[in-house]
Each structure stands twice: as C-alpha cells, then as structure tokens.
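No lab work stands behind these numbers, since they all come straight from the coordinates. As the structure is a prediction and not an experimental result, all values here were calculated from the model. When we count neighbours, we look across all protein chains shown, and the Cβ atoms used for this are built from the backbone with ideal geometry, even at glycine.
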Amino acid sequence: MNFASDNVGGVSPEILAAIAAANAGPATPYGADTITQRLENLFADIFEHEVAVFPVATGTAANALALAGLTPPWGAIYCHEDSHIATDECGAPEFFSAGAKLVTLPGAHGKLAPVTIAERLAGAGIVHHVQPAALSITQETEAGTLYTADEVAALGALAREHRLGFHMDGARFANAVAGLGCSPAAITWRAGVDVLSFGATKNGAMAAEAVVFFDRARAAEFGFRRKRAGHLLSKMRFLSAQLESYLAGELWLRNARHANAMAARLAAGLAAVPGTSLVHPVEGNEVFVSLSVSMIAGLAADGFGFYRWGEEPVLRLVASFDTLPASVDAFIASARRHAAVSHNG
Ligand SMILES: *Cc1c(COP(=O)(O)O)cnc(C)c1O
C-alpha cells in the first residue's frame with residue numbers, strides 16, 4: 001500500500017540468501033574475496049564489454065565518486081535540473097569533485113536534449129569560466145521516462161565531440177533495460193557512456209550499487225577515491241554477494257519487469273478514473289499523476305503512502321519488485337471512490 005518509493009520495498013529473498021551464504025566462514029577483506037573477484041566477469045558478460053566494477057553502498061556515493069573522476073575542480077557537469085545529483089545528494093558531487101559546478105538544464109519529462117547542452121557549452125578555454133567536463137543523465141529519469149538507445153547515442157556523440165566524460169545515473173537502470181527491452185550495452189558503452197552508476201538497492205538489494213567503467217583506463221584512480229570516501233567496505237563480500245545474486249539468473253530484470261508491470265497497471269487503472277491525468281509517459285516503474293486535492297486527502301486517509309510532487313496536486317507513485325497487484329487495484333479503487341465524492345460535492 002506504500003507507493004512512496006521503490007526503496008520502501010524489502011530485499012529479494014534470493015539476495016538475503018546470498019548474504020547468508022557469504023557468511024560461511026572467513027574471507028579476505030577489502031574486496032579481495034572470491035565473490036568480489038567474480039563480479040567483473042559477471043558484469044562483463046552482461047554488458048558484452050570489458051569493465052572495471054567498484055561496489056559501493058549508496059547511489060549518492062556511486063554518482064559523486066564517478067563524477068569526481070570525470071571533472072577537474074574547475075569543471076562543469078551538465079545535468080537535468082531535476083536530476084538526483086542536483087536535487088537530492090546534499091552537494092556530494094560538488095564535494096567529492098572538490099568544487100566542480102553542476103550546470104542544471106531544463107528538459108521535458110526529465111530528459112536532456114543535445115541542443116540544450118550545446119547551447120550552454122560556451123566558456124571552454126576562458127579562464128573566468130568553469131570548463132566543460134562532464135555530462136550526466138539519469139536512466140530511468142526522475143520523471144519515470146526512458147531515453148531510447150538513439151537518444152543516449154546522440155548525447156554520447158555530443159559528449160565525444162566536446163570531450164565531456166559521459167556519466168549515467170542508473171539507480172533504476174534495470175527498469176530502463178526492462179522497459180526498453182534492449183541490451184544493457186545498447187544504452188551504455190555502445191551509446192558513448194563512460195561510467196555507469198548501476199543501482200541495485202531500489203530493485204531488491206539491501207544496500208548495493210556498483211560503479212561500472214567501460215574503459216578500464218578511466219578507473220585507474222577510482223580505488224583511491226572510493227577508499228577516501230569511506231566506501232571500501234572491509235567485509236565487501238556481503239555487498240558483492242548482493243550484486244552477484246542480483247545479476248544471477250536475471251533476477252535484476254525479473255524484479256524490474258514486475259515493478260514496471262505494476263506501474264503500467266496503476267497507470268492504466270488511473271487513466272479510467274475521472275479527474276486524473278498522467279503528467280509524464282509511464283515507461284518504467286514510476287507514475288506521476290495529477291488529481292484533486294480532495295482525492296489526495298482521501299487516498300492518504302485510506303492509508304496509502306506516496307509523495308506529493310512539487311507545488312501542484314501531483315503524486316509520484318513508485319512500484320517495486322514486491323508491489324502486489326492487489327495493492328495497485330486497491331489504490332485505483334480508492335482513487336475512483338474519492339473521485340466520485342469530489343464530483344458529487
Ligand atoms: C535513489 C536514487 C539514487 C541513489 O540514492 P541513495 O539514497 O544515495 O542510494 C540516485 N539517483 C537516483 C535517480 C535515485 O532515484
């Protein structure tokens with residue numbers, strides 16, 4: 001009944017079991033254990049490319065540390081104005097990059113267009129200006145939408161042309177791959193992405209994300225950044241076990257397909273409720289719906305959890321791997337009931 005976020009969900013039983021299995025006896029610390037050592041091959045198979053993989057405990061750490069490696073302290077990082085790095089990380093990207101500037105840009109439905117970035121790339125070589133250094137996009141976006149492979153590739157071409165490092169915040173990367181039905185490669189290195197924050201926590205892990213480099217040379221300094229930031233876990237095997245079981249047998253995609261299907265069910269149900277309208281296309285596991293203030297009050301009174309999004313009466317509803325169809329249907333029924341009440345009154 002709680003649609004506030006996908007991290008209201010629990011942990012996939014498979015992942016809990018993997019943590020328990022990793023608890024069978026001693027293991028070498030700081031990532032020199034056998035589970036962590038297996039991770040790079042696993043990721044390389046999934047991405048069809050050589051990779052360097054660094055597990056960290058939070059998405060904020062993944063983003064901030066990945067970006068820090070793409071920019072000098074006097075660099076500019078171009079990103080969407082609603083991006084998590086700009087709005088929800090308490091300045092971590094600026095802090096870990098020793099002061100790089102986030103240049104926030106508008107874009108419909110959470111997505112950046114190449115032209116918007118191109119217009120802001122002035123200043124290269126001028127000592128008074130921050131220097132264009134990196135581009136960061138979110139996939140699935142903060143509006144619940146998806147960049148197609150072609151859209152990512154167009155941004156990748158722009159990044160290459162202007163020598164910008166290209167970062168992808170993939171806190172909901174699984175939902176994007178499941179929603180697009182594409183290969184992980186198609187929306188990452190094949191489209192020019194240099195570094196991916198590969199999320200797992202929101203889609204069934206307990207606390208595990210991975211920074212994935214598609215060019216091992218770019219990863220040379222990352223180990224130092226991670227240690228300095230306090231994200232080199234001494235019992236790394238428990239973090240790596242989560243990632244290994246998350247990827248094994250396509251658990252990550254099964255979980256994401258379920259979450260996306262629940263969001264689609266929610267969107268379809270709400271579309272038939274008078275007085276509601278979708279604010280963004282529903283392409284992953286998030287639904288943004290505009291409805292009346294009295295409907296919001298009624299849904300809250302019925303015990304549903306959600307966030308109000310912005311100043312307008314808009315809700316963000318997020319489905320996760322363990323969202324029950326019955327919860328979705330109950331939400332729709334409640335919305336319909338309160339819509340009828342608003343109409344009569
Ligand atoms: C949740 C989220 C993150 C990671 O957040 P943490 O709380 O630091 O794990 C990063 N990016 C986006 C878009 C997110 O939604």
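Based on Cα contacts under 8 Å between residues 6+ apart, region 13-127 shows a relative contact order of 18 percent.
State, to one decimal in nm², a quarter of the convex hull surface area for the C-alpha atoms of the chain, i.e. the direction-averaged projected area. Please report the intermediate quantities before stating the final value.
Numbers: hull surface 70.1 nm².
Mean orientational projected area (the chain, Cα hull): 17.5 nm².
Assuming a viscosity of 1.306 mPa s and a temperature of 10 °C, what translational diffusion coefficient in µm² per second does Stokes-Einstein assign to region 31-86, Rh being the Kirkwood radius over Cα pairs? Don't skip to the end; give the middle numbers.
On the way: Rh = 13.6 Å.
Result for D is 117 µm²/s.
Any idea what the dipole of the chain comes to, in debye rounded to 20, about its Cα centre with Lys/Arg Cβ at +1 and Asp/Glu Cβ at -1? Before the final figure, lay out each step's value.
Values: 24 positive and 32 negative charges, 79 e Å.
Taking the Cα centre of the chain as origin, the dipole is about 380 debye.
Computed over the chain, relative contact order equals 24 percent, with contacts defined as Cα pairs under 8 Å that lie 6+ residues apart.
I'd like the FRET efficiency for LEU278 and ALA118, computed as 1/(1 + (r/R0)^6) with the beta carbon distance as r and R0 of 45 Å, rounded to 0.05. List each step's numbers first, then the result.
Values: r = 30 Å, r/R0 = 0.67.
Approximately 0.90, to the nearest 0.05.
Shape analysis of region 184-245 based on the Cα gyration tensor places the equivalent ellipsoid semi-axes at 21, 18, 8 Å, largest first.
Considering only THR141, ALA32, LEU196, and ranking their Cα positions along the charge dipole of region 12-251 that arises from unit charges at the beta-carbon of Lys, Arg, Asp and Glu, the one farthest toward the positive end is ALA32. Evaluated over the Cα positions of region 79-138, the convex hull gives a direction-averaged projected area, one quarter of its surface, of 4.3 nm². For region 253-292, the relative contact order comes to 40 percent (Cα pairs under 8 Å, sequence separation of at least 6). In terms of Cα atoms, the Rg and Dmax of region 1-103 work out to 17.5, 48 Å.
Taking a straight Cα-Cα cut-off under 29 Å and skipping sequence neighbours fewer than 8 places away in the same chain, the lysines within cross-link reach of LYS235 are LYS202, LYS227.
Less than 5 angstrom separates the built amide H of ASN2 from those of GLY305, all sequence-distant by 5 or more or on a different chain.
Placing unit charges on each Cβ (+1 for Lys and Arg, -1 for Asp and Glu) gives the chain a dipole about its Cα centre, and among ILE15, ALA333, TYR307 the Cα reaching farthest toward its positive end belongs to ILE15. At q = 0.10, 0.13, 0.20, 0.22 Å⁻¹ the log10 of I(q)/I(0) for region 252-344 amounts to -0.23, -0.39, -0.91, -1.09, computed by Debye summation with a single uniform scatterer per C-alpha, solvent ignored.
Considering all alpha-carbon pairs of region 100-241, what whole percent are spaced by more than 17 angstrom? Before the final figure, lay out the partial values.
Details: 6431 of 10011 pairs.
Pairs farther apart than 17 Å: 64 percent.
Distance distribution P(r), region 292-345, all Cα-Cα pairs, bin width 5 angstrom from 0: 4, 19, 29, 25, 16, 7, 1, 0 percent.
Amide hydrogen proximity for GLN131: with H placed 1.01 Å from N in the peptide plane, the residues at 5 or more positions away or on another chain lying under 5 Å are GLY75, ALA76.
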